[in-house]
Structures are given as structure tokens and as C-alpha cells.
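First the structure, in the form of C-alpha cells, and then the observations on it.
The values are calculated or read from the model by the stated rules, or taken from the named source; none is laboratory data. Computed from a prediction, not measured in an experiment: that's the story for all the values here. As a convention, Cβ positions derive from the backbone with ideal geometry for all residues, glycine included, and neighbour counts pool all protein chains shown. We work out accessible area using only protein heavy atoms, side chains counted, and drop any ligands, DNA or RNA first. Shrake-Rupley method; radii C 1.70, N 1.55, O 1.52, S 1.80 Å.
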Amino acid sequence: MLKFYFGPMDCGKSTLALQMNYNHGRQGRRGLVLTKHDRSGGPRVTSRIGLGLQAIEVEDDVDLVRLVTAHDRIDYLICDEACFYTVEQIEQLADLVDEHGVDVYAFGLASDFRSVMFPAAQRLFELADEVCRLQVEVLCWCGRPGQLNARVVGGAMARTGEQVVIGDTDASHVRYQVLCRRHHRSGRLGEGSMEPAHTAQ
Ligand SMILES: [Zn+2]
């Protein structure tokens, strides 16, 4: 079974990933937790509510079939930040399900700051047995459900740039903000957006 859970930042994806790992582990199942570019900066899955777990960082050249089959017996994979994997690695996840009987639970963003789908997320939409949209009380500043991530550079919403830029770190002047579709399209960031809760510096 290949499942993809997607939603904007802060919607609880990593928290659900950690919860799922805990539940499977408690049933005696053996799994691996993978991530890429986690917000902690190291190979860990961390959630905004403060849970954390050691994880394997998925570099672009890692063959996931080889990685998993090198282990003794793996029943399931938790793949956090799967939107940042390569398309080839998503194919490898499907192979693990079909050829090796591994259950794969992938979590990630669907679209980037321009509201364009990440290639890996697109491949997951195409291949997954099940796709679930997570909507856990992330609201735009206007109160509507948050659906899309905006990249904010120097206080203004960016419309162009590299697809992946790590933000919300101490060294970065880039941050991300969840907006409703209306405000993602208009670019209005709301009152007080110049001094967000988790900004740089
Ligand atoms: Zn809004």
C-alpha cells in the first residue's frame, strides 16, 4: 500500500508521521523513517508541536530499494517531506510496495510557493493507492482554510525563484506563510506580516 498524505505547512503532517511510526512500532512492525530537508536542519523528523525522531536523510542519489533491502526485515516506511524526493525515488517507493511487500506512508506538500506541484508530489498523485488531504486547522490570516504556501522574501510574497529554498531558519531571510487560495493569488499577507512569529534573525 502506497499512501500519500499532503497538506500545507503546519497542518500536522510530521506529527501524523511520527504518530503513525509509533503505532506501527507498537504492533511489533519494523520500519524506517526517512526525511529530506527537515526543519531542524539534521536528519530528524520534527514537528511544530515539539516531537522528534531520528531519521535517515534521503540524498538525491540514494536508491531507496537498495537502502531498504539492505536491512533485515522492513514492514513499513514513513517518508516525511516526500515532495522533495526525486521522481525516481517515488518510483522506487512503488517498487518497494509491489516487489517487496513494504507499506509506504509518504507525507509532504503538494505544491510549491507558486502553487505549482512538486514533481515528486505529482508522481505520488499518479502512483499512490490512496491520497489524503490533511486539513488540520491551518488558517490563513483572514480565517479561511489555509491551502497554499507562500514564500515571503524581505516581507513581500515571491512569485518566482528556485522551487526549493529552505526558509524559517536563523540564517535565512526567507520564510513561508500559509494562505488561502484568494490571498495566495492576490499576494496579500495580512496585518503584522512583517513580524511573523517564526521569522529570521
Ligand atoms: Zn486569506
- Note on the structure: Of every hundred units of 1.4 Å-probe accessible area on the range 55-176, the number belonging to carbon and sulfur atoms, as a percent, is 47 percent
- Accessible area in the full protein assembly, largest first, 1.4 Å probe, for His100, His24, His173, His37: His173, His100, His37, His24
- So if we plug the beta-carbon distance of Asp95 and His71 into 1/(1 + (r/R0)^6) with R0 = 22 Å, what FRET efficiency do we get, rounded to 0.05? 0.90
- Return a whole-number percent for the relative contact order of the range 85-165, with Cα pairs under 8 Å and 6 or more residues apart as the contact set. 28 percent
- Query: How high is the relative contact order of the chain, given as a whole-number percent (alpha carbon pairs under 8 Å, six or more residues apart)?
  - Reply: 23 percent
- Task: Kindly provide the helix-only [θ] at 222 nm of the chain, computed as the sum of -39,500 (n - 2.57) over DSSP H runs of four or more divided by all residues, to the nearest 500 deg cm²/dmol?
- Result: -7000 deg cm²/dmol
- Item | Acute angle (nearest 10 degrees) that the helix 87-100 long axis makes with the longest principal axis of the chain, alpha-carbon atoms | 30 degrees
- Item | Order of exposure, largest accessible area first, which applies to Ile74, Ile56, Ile166, Ile90 with probe 1.4 Å | Ile166, Ile56, Ile74, Ile90
- Note on the structure: To the nearest 10 degrees, the tilt of helix 13-26 (Cα long axis) against the first principal axis of the alpha carbons of the chain is 20 degrees
- Item | the chain - accessible surface per residue (Å², probe 1.4 Å) | 51 Å²
